[in-house]
1. Does Leu245 satisfy being assigned by TED's automatic domain parsing to the domain that holds Ala98, touching a Lys or Arg at 6+ places or on another chain (Cβ under 9 Å) and not basic (Lys, Arg)?
2. Would you call Val306 surrounded by fewer than 24 Cβ atoms within 10 Å (Cβ to Cβ) and among the aliphatic types (A, V, I, L, M)?
3. Given the conditions (1) buried (at least 23 other Cβ atoms within 10 Å of the Cβ); (2) out of contact with any Phe, Trp or Tyr (no Cβ under 6 Å at 6 or more places or on another chain); (3) hydrophobic (A, V, I, L, M, F, W, C); (4) farther than 30 Å from Lys56 by Cα, which single one is not true for Phe177?
4. What about Asp316, is it within 22 Å of Asp280 (Cβ to Cβ), exposed (fewer than 15 other Cβ atoms within 10 Å of the Cβ) and either out of contact with any strand residue (DSSP E or B) (no Cβ under 7 Å at 6 or more places or on another chain) or outside the structural domain of Val274 (by TED's automatic domain parsing) (or both)?
5. I'd like the full set of residues that are under 25 Å from Leu231 (Cβ atoms), among the polar types (S, T, N, Q) and in contact with a Ser or Thr (Cβ under 6 Å, 6 or more places away or on another chain), limited to the stretch 169-189.
6. Applying the selection to the stretch 102-125, what residues are closer than 21 Å to Gly314 by Cβ and not in a helix (DSSP H, G or I)?
7. Just for the stretch 22-38: of the residues that are buried (at least 16 other Cβ atoms within 10 Å of the Cβ) and of a type in the set (Gly, Ala, Ser), which one is farthest from Arg239 (Cα to Cα)?
8. Going through the stretch 261-292 one residue at a time, which ones are in contact with a strand residue (DSSP E or B) (Cβ under 9 Å, 6 or more places away or on another chain), under 24 Å from Leu341 (Cα atoms) and among the polar types (S, T, N, Q)?
Amino acid sequence: MRISLPYGESGTIEAEVPDRNLAGVTGPREVRVTGGEIERALSHPCGGRSLEDFLKDGEDLVIIVNDGTRPTPTLRVLDVLKDRMDLRQARYLIATGAHRAPTEEELRFIFGRHLDMLRDRILVHDARSSPTVHLGRSKNDTEMHVNRIAVEADRLIIITSVEPHYFAGYTGGRKSFLPGVASFKTIEQNHRLAMRSEAKALVLEGNPVHEDMMDALSVVKKEIFSIQVVLDRHQEIYRAATGELHEAFHRAIVWADQVFSIDIPKRYDAVITVAPYPMDVDLYQSQKAIDNAKWALKKGGTLILVSKCREGVGDDTFVRQLSRSPDPQTILQALADEYRLGYHKAANMAEIMCQAEVWAVTGLPTGVLEGMNVTPFPSLQEAVDRLLSNKPDAEILVLLDGSVTVPKVREHE
């Protein structure tokens, strides 16, 4: 069978896989999309006030939006909001977390036709330099410093999307606030908690990363109107929840599980996992597709990442840690001794490397990948051919949209 996988913004990458070896091609479930979801959600908010009532008498309205590495359909939300409010009434704070500022192309992706009209109203959070307010310490002892603009606004709207996240449980809701507009120091301390076993996809209760995010919002004690969207496998809007942030978030989680939590009958010899646009911006972001794929992989198996990595590796710290030794156990031990932002991704990769081979089809230099203990291939076909020459009877699972799809084995092995 010939498989064709997304590669980059609009390209594809193909390979021929014998039918006897192809266990299946899976990814987000097909769900029924009806249209008009944002309008419906705004007309029936979850708890709290309607949008129109929320905006009354507000003097300083700030709307937090995701950056261009997220699939959030901010433009489509703004298209609906413009009929309910004056978009220039607000300032727009881009929740970059510790990422770089958006490019012009990414700004167009976020704001679309509204960009030129709103450009002078757009602010980009900089984790290293934006003024912040100290909110105290979380119960996990994270020092919570959050962008002053978000904390001091008298009206705050959050536009975000909800899908599984490999250590925060889920994206969406509280995540726009911390780490979205938090200081670098706060993000670093929060992400250190990702190295704990309780921090994993689909889990909120007992997840220390999630707890930090909740603690920050509880200190602010601010009414927040949220617009939280769940996309389908084709990046169309499946469902939307609006209104009180936490109630809307938990409603959206149910829908996100319907799309992105996938049952599989067993683990496989190899998993081809795809980081599609825009999550393919770099290797640092593409790592999410590797982490999710591990749940479908046998011990001793082979994991093959497909990601263009349009802007390179993305984080030098992450690369340096994975390049410090050919022995992943040595890497894990070194990472446990002292934490820096990016170490959690390196640790997750090293854990996988202790039990499986990691291969990659990307646009990155082969020497960089080899130094990180990742085996590079110039084409997907060559990777498949190598796999089958090593193990002719290998069962291969293809995981589409691996960045947000979480496979779960139905029965205990």
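The values are calculated or read from the model by the stated rules, or taken from the named source; none is laboratory data. Only a predicted model underlies this, so the values are computations on that prediction, with no experimental measurement involved. Here Cβ is always computed from backbone atoms with ideal geometry, including for glycine, and neighbour counts include all displayed protein chains.
1. yes
2. no
3. (4)
4. On the way: within 22 Å of Asp280 (Cβ to Cβ): yes; exposed (fewer than 15 other Cβ atoms within 10 Å of the Cβ): yes; either out of contact with any strand residue (DSSP E or B) (no Cβ under 7 Å at 6 or more places or on another chain) or outside the structural domain of Val274 (by TED's automatic domain parsing) (or both): yes.
Criteria met by Asp316.
5. Scanning the stretch 169-189 gives a single hit, Ser176.
6. Across the stretch 102-125, the qualifying residues are Pro102, Thr103, Val124, His125.
7. Applying the filter and picking the extreme gives Ala23.
8. Listed by number, the residues that qualify are Ser286, Gln287, Asn292.
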